[in-house]
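Peer 1: I'd like to ask you about the structure that follows.
Any read-out appearing in this document is the output of simple, stated calculations on the displayed coordinates, not a laboratory observation. Given the structure is predicted, the values throughout are model-derived calculations rather than measurements. Glycine also receives a Cβ, built like all others from the backbone with ideal geometry; neighbour counts cover every protein chain displayed.
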Amino acid sequence: MIKNFILSLGLGDLRNSVVNLQNRWAYLTRKSAMTFKTRMAMYRMMEKMTGEPAALPVFNAVEELQSLEESKGKKTKLWYVYQDIIDELRSSDAGFAEAIAKYVPEQDVMVLVASEQGDIDEGFRSLIENNRKMQAMKKSFISAISYPGFLVVVILGFLSYFSLYIIPQFVENMPPDTVLSGMSALLAQMSKYYFYWFPSLVLFLLSMIIFVIWAMPNFTNKYRKHLENIPPFNMYRIMTGGGFLFALNSLTKAGYQELEALLMMVNLAKPYLKHRIEVIIEQLADGKNVGEALIDCQLDFPDKQMVKELAIQTKYNDSDDSLDILSKTLTDDGLETIQMQSAILNKIITLFVFGTLAILVLGMLQLQADVGGANTVNITSM
């Protein structure tokens, strides 16, 4: 009996140690908890708890959600996210939007800032609708860049296989005095200098990928507008523009003046969006409305056609629903535009891949003919 007690005590200590380690890991990786699916689930639950008939204060609603993320001492990543939010709400005058800012996209923060001035449950409903549209855009965007990336990896694999295994078999059996045609000579040189050009090509491609990932939210100089004529920068502009218009519309609906709303947004925006908001603010300071400001800044942001429509709406529409109409139009039309651009990009990359394969195959046939012709001449001379 004493032995069983000692064993149970040891197992209990072991379990506590495991739970503590799991909790520590959950705390360290908590930022990865707020995925799109998790964020949408949180918005739905918050909307139900803060709306009628429950009408819970936001603080109590967050505590309620946190209680669901702990079982027998084991805490999930989301438990620590909620704890961060609770600590922020307790320790300062920060609202829910500021407390959750580091876990959700900046356009969501802007909408929450606006909704805190009125019915926050309505803000959560708006976020659910907008996030669904933005997620559809994001999926199309990821598809647009992932498929070409896959094809590039495939073509690099073919180039390596031909250079390391296929071409050397012909070159090694080639008579010394063989005269190669241009295509054959190109393949022979490609195989001979493989360990020079291939690492350089891979390094170049990786550098381009890193640059694009960094540049989309950060690159703001005068050349950015030219980059936005090609994928994926034009797709990123539409995605960011959709979130921008939706957030601006939410803030103006909550009673903020356009300039006041933009000044609030600029503090939350990443460099790319921040630069565009700053340019718009400069135009508004000269007495222009948002539509006129977007045209005069000549950045075609968030979309060239949408800028024209907004200018007409704000000039000839007496109601205050111009931003509302265009934010919905941009998310709908933007998704279609991204999908169309994605299809075009995929076709271009596919043609490039098949063109490269055709060159390799034709080159191999030419190399085979050159080597075969040289062998025939040697046999005849003998």
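Peer 1: Which value, to two decimals, describes the C-alpha radius of gyration of the range 35-79 once divided by 2.2 N^0.38 Å?
Peer 2: After normalising by residue count via 2.2 N^0.38 Å, the value is 1.21.
Peer 1: Let me ask you something else. Taking just the C-alpha trace of the range 76-223, give me its Rg and Dmax in Å.
Peer 2: For the range 76-223, the Cα radius of gyration and maximum Cα-Cα distance read 27.1, 86 Å.
Peer 1: Continuing with this model, one more query. P(r) of the chain in 10 Å steps, Cα pairs, percent per bin?
Peer 2: Pair shares across the bins are 4, 17, 21, 18, 14, 11, 8, 5, 2, 0, 0.
Peer 1: Now for a different question. What list do you get for S92, S160 if you sort them by fewest beta carbons within 10 Å?
Peer 2: Arranged by neighbour count, lowest to highest, S92, S160 become S92, S160.
Peer 1: Please list, by residue number, everything in the range 94-135 whose backbone N is under 16 Å from a paramagnetic label point 7 Å out along Cα→Cβ of A55.
Peer 2: Backbone N within reach: 118-122.
Peer 1: May I pose another question? Please report, ordered by residue number, every helix of the chain (full DSSP H runs) that is 27 Å or longer along its axis going by C-alpha atoms and whose mean Kyte-Doolittle hydropathy reaches 1.6.
Peer 2: Membrane-span-like by this criterion, though nothing is claimed about a membrane: 194-218.
Peer 1: Measure up K75/K274; K37/K222; K139/K274; K138/K304; K102/K347 against 29 Å on the Cα-Cα distance and list the ones that go over.
Peer 2: Violating the 29 Å limit, Cα to Cα: K75/K274; K37/K222; K102/K347.
Peer 1: For the residue pair E64 and N229, what label-to-label distance in nm results when each label sits 7 Å from Cα along the Cα-to-beta-carbon direction?
Peer 2: 5.4 nm
Peer 1: Viscosity 0.692 mPa s, temperature 37 °C: what is the translational diffusion coefficient of the range 15-104 from Stokes-Einstein with a Kirkwood Rh over Cα pairs, rounded to a whole number of µm²/s?
Peer 2: D, rounded to a whole number, is 239 µm²/s.
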